[in-house]
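Working notes for the structure below.
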Amino acid sequence: MHGATGVRLRCLSNDVSEWAKLLRERFGLGEYLTDWFVSGDLGVRKPAPEVFATVCRRLDVVPDRILLIGDRAANVEAARSAGLQALRFGSPHLSTMDQLRKELRPW
């Protein structure tokens, strides 16, 4: 899905395929996210570097053009090590869009 900024939203989740599908349907998440990368389908879980390489390859996007927002420090650090931009959800210094923009590398 593209927003007004042209940003596409995707999901990368460590989950069981069937459960992830149930949650997507129950909460209507397909309306907001068009692509789902679920570890149960991929056969690899975050924070393994291969999961980030797989997502980049399937999207045909260089790592630097992806922003991962995660709730676990290990996954955020692994994404950064793989060349993605990554921020930890819930960090106090990222509470406004202006602060978020300061943390991101220029596109």
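The values are calculated or read from the model by the stated rules, or taken from the named source; none is laboratory data. In this text the structure is predicted, and so the values were computed from the model without any measurement. Every residue, glycine as well, gets a Cβ built from its backbone with ideal geometry; the counts of neighbours run over all protein chains shown.
Structure data summary
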read-out: Residue match in the stretch 13-23 (condition: among the charged types (D, E, K, R) and within 28 Å of residue 102 (Cβ to Cβ)); value: no
read-out: All positions within the stretch 26-52 that are assigned to a helix (DSSP H, G or I), of a type outside the set (A, V, I, L, M) and more than 13 Å from the chain's Cα centre (by Cα); value: 26, 27, 30, 31, 40, 41, 49, 50
read-out: Check on residue 55, at pLDDT 95 or above, outside any helix (DSSP H, G or I) and either out of contact with any strand residue (DSSP E or B) (no Cβ under 7 Å at 6 or more places or on another chain) or of a type outside the set (D, E, K, R) (or both); value: no
read-out: Members of the stretch 16-43 that are under 17 Å from residue 79 (Cβ atoms), surrounded by 14 or more Cβ atoms within 10 Å (Cβ to Cβ) and not aromatic (Phe, Trp, Tyr); value: 38, 39, 42
read-out: Set 13, 91, 95: member being at pLDDT 90 or above and polar (S, T, N, Q); value: 13
read-out: Boolean, residue 7 is at pLDDT 95 or above and β-branched (Val, Ile, Thr); value: no
read-out: Count of residues meeting criterion [surrounded by 16 or more Cβ atoms within 10 Å (Cβ to Cβ) and basic (Lys, Arg)] in the stretch 5-15; value: 1
read-out: Residue selected from the stretch 75-85 under the condition under 15 Å from residue 13 (Cβ atoms) and of a type in the set (A, V, I, L, M, F, W, C), by the criterion modelled with the lowest pLDDT; value: 76
